[in-house]
Each structure stands twice: as C-alpha cells, then as structure tokens.
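Below is one structure, written out as structure tokens; comments come after it.
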There are 2 protein chains.
Amino acid sequence: MEFFMEDLAPGMVFGSGTYTVDAAQIIAFAKEYDPQPFHIDEDEAKTTFFAGLAASGWHTAAITMKLLVGSLPIAGGVIGGAAEITWPKPTRPGDTLQVTSEVMEVTPSRSKPGRGMAVIRSETRNQHGEVVQVFTSKVLVQARA
Amino acid sequence: MEFFMEDLAPGMVFGSGTYTVDAAQIIAFAKEYDPQPFHIDEDEAKTTFFAGLAASGWHTAAITMKLLVGSLPIAGGVIGGAAEITWPKPTRPGDTLQVTSEVMEVTPSRSKPGRGMAVIRSETRNQHGEVVQVFTSKVLVQARA
C-alpha cells in the first residue's frame, strides 16, 4: 500500500526494520565523509569527548534514511525539503538501530493543488532503547488523483 | 591554528575546498542509504519530482561535513548535537560543491566551565552559485586551558 495525503493523519505511527552497524562500517563511512579521530580511530577515540569510537551523526542519519525508505510507504517516495535533527547519544560499534516515525501534521498546499506537506517525527533508537537521533522533517505528499 | 571558544566571534567566515560528485557516486551512496528511484536510476528519475538523477540530501549533507572537517579548525573537532537543515535544490551529477560557514553566536556553558556552544550556519553551493543546502548547527567549543 502507498500512502497519499488523504491516507495520512496525525498520530499514525510507522515502525521500521533494524540495521546493525559494526566498527568497520563506522570507520569506512567516516573516512569518506567525517574523518575525525573519534569516528575513525578506536584508540585515539578513547581520549576524546566521545570516550570511544562513535559513528558520525551523518552515518546515523543515513542509516535512519535507509530504515525510513523501507517503512514509510509514501506515494512518490520520501522527499524532504527541511528538517531538524538532534543526536542525543552517539551510535556505537555493534549497535542495532530501529526507527519509529509519527505523523505530526498534514497540510495541503495553498498554491499547488494535489500536493501537500506532512511533518513526520522519526526517533532512532539503539538496542537498549536509547534515542540516538530525533529527526523531524517536512515531507512532500501527493493527493490521490 | 585551532580555534578555541575565545577565538570565535559572530561574523567570522570560513570557506572550504571543493568536492565534485559524479553519477556513479550519487547512485552508490543512495543504493546503500536512500534507495529511491530518483537517486539510483537515471532513466526512472526523469519521471519523478526531481526530473532527473538527484543526490540524496544525506549525500549532500555528508559531502558538506567532509568539507567542514577540512575548513572549520575547531579545537577538539567539529562535534554537533543539534542542527536544522534545508535542501533548496538537489545536488546533480557533475556538481562541484563548496561550503561557506559563518559563526552566528558563541555562548559559554552555564553549567560546564571551559566549554560552550557556537551556532554555525553553513551554506553549500554548487558551481553555479546555487545553494543546495543550508545547515545551521550547534557545535561544541572548548575554552583555552
């Protein structure tokens, strides 16, 4: 089933599958996009703010997106134009992440008929139930033809 | 030179190097983290909202981080806990991105002496000067010992 604007309402919740990330993946992502000691070197990371290897927040965000693509069946795809993001805790090697998304608002466009915006709040948790990311985004939604 | 809290002031601007991204990189990133037709299939992408292949916003964000790590010499590293992000235009195959970051605020922590928060606004532009991402983040800063 694909969800159109009319199918979405505040309070609807979508749960994702899971994604497990290991130290090698954390280091590989960070070497490419966020090459800082606490993301790429297990020993050096111990002496930093993170006190151990931590995934780049952008890696957590990318994994969250992967889980959203598999769990938010929005017609036309998950297309976001603006977002707020916080990382209350880092993702650590061996963590298994899961995302729960809640529809907060659904607003038809005033200028573009057949189109609207949904505000969706996605919490990413690790296997201990700790929140590693809160991501609130405005996502494009389409009305049924 | 590393920048400590005392070295940072509103209005300071940091310019990054550049990063060029091609279609193969866009598709590879998206297959791993954002596998939607407009990010992974040049032909199918033509029929979508993006009217052609577009990088995942998370790919633009990751490239921006890579450029920030090379251009924001903050003591202890670039560590963000919260951010707002918008993607006014997508990154396209062949685009060359560059980031300009401006210090907006610097606030010493009330509870943790020797530490503070800087608000930094980073605009990512393509080779045409078009803004593909605006990223405003709260970044950890350390006072000089």
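The values are calculated or read from the model by the stated rules, or taken from the named source; none is laboratory data. Remember, it's a predicted structure, so these values are computed and weren't measured experimentally. Because the Cβ atoms are built from the backbone with ideal geometry, glycine has one as well, and the counts that use them run over all protein chains shown.
In the list B:ILE79, B:ILE74, which residue meets the criterion of being of a type outside the set (S, T, N, Q), under 15 Å from B:VAL119 (Cα atoms) and more than 7 Å from chain A (Cβ to nearest Cβ)? Can you show your working first?
Values: B:ILE79 fails: more than 7 Å from chain A (Cβ to nearest Cβ).
On inspection, the qualifying residue turns out to be B:ILE74.
What are the residues in the stretch A:112-134 that are at pLDDT 95 or above, outside any strand (DSSP E or B) and more than 16 Å from the chain's Cα centre (by Cα), if any?
Once the filter is applied, which keeps residues that are at pLDDT 95 or above, outside any strand (DSSP E or B) and more than 16 Å from the chain's Cα centre (by Cα), the stretch A:112-134 yields only A:HIS128.
Would you confirm whether or not the stretch A:43-60 contains a residue that is more than 30 Å from A:PRO108 (Cα to Cα), among the basic types (Lys, Arg) and part of a loop (DSSP other than H, G, I, E, B)? I'd like the intermediate steps shown before the answer.
First, pick out the residues of the stretch A:43-60 that are more than 30 Å from A:PRO108 (Cα to Cα): A:43-60.
Next cut, among the basic types (Lys, Arg) only: A:46.
Add one more test, that the residue is part of a loop (DSSP other than H, G, I, E, B), and what stays is A:46.
Among the residues of the stretch A:43-60, at least one is more than 30 Å from A:PRO108 (Cα to Cα), among the basic types (Lys, Arg) and part of a loop (DSSP other than H, G, I, E, B), which makes the answer yes.
Which residues, counting only those in the stretch B:82-95, are under 22 Å from A:PRO35 (Cβ atoms) and more than 7 Å from every other protein chain (Cβ to nearest Cβ)?
B:THR91, B:ASP95
Please specify each residue of the stretch B:7-42 satisfying the condition of being assigned to a helix (DSSP H, G or I) and more than 11 Å from every other protein chain (Cβ to nearest Cβ). Working first, answer last.
If we filter the stretch B:7-42 for residues that are assigned to a helix (DSSP H, G or I), which is where we start, we get B:7, B:23-33, B:37-40, B:42.
Listed by number, the residues that qualify are B:ASP7, B:ALA23, B:ALA24, B:ILE26, B:ILE27, B:GLU42.
Per-residue answers, yes or no, for (1) touching a residue at least 60 places away in the same chain (Cβ under 8 Å); (2) surrounded by fewer than 19 Cβ atoms within 10 Å (Cβ to Cβ):
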position	(1), (2)
A:PHE38	no, no
A:GLY76	yes, yes
A:ILE85	no, no
A:PRO108	yes, yes
A:LEU140	yes, no
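Have a look at B:VAL99, B:VAL103, B:VAL69 and point out the one that is more than 10 Å from every other protein chain (Cβ to nearest Cβ) and under 10 Å from the mean Cα position of the chain (by Cα). Even if it seems obvious, please write down each step before you answer.
Details: B:VAL103 fails: under 10 Å from the mean Cα position of the chain (by Cα); B:VAL69 fails: more than 10 Å from every other protein chain (Cβ to nearest Cβ).
Going through B:VAL99, B:VAL103, B:VAL69 in turn, the sole match is B:VAL99.
Return only the number of the condition from (1) assigned to a loop (DSSP other than H, G, I, E, B); (2) at pLDDT below 95 that B:ALA82 does not satisfy.
It fails just one condition, (1).
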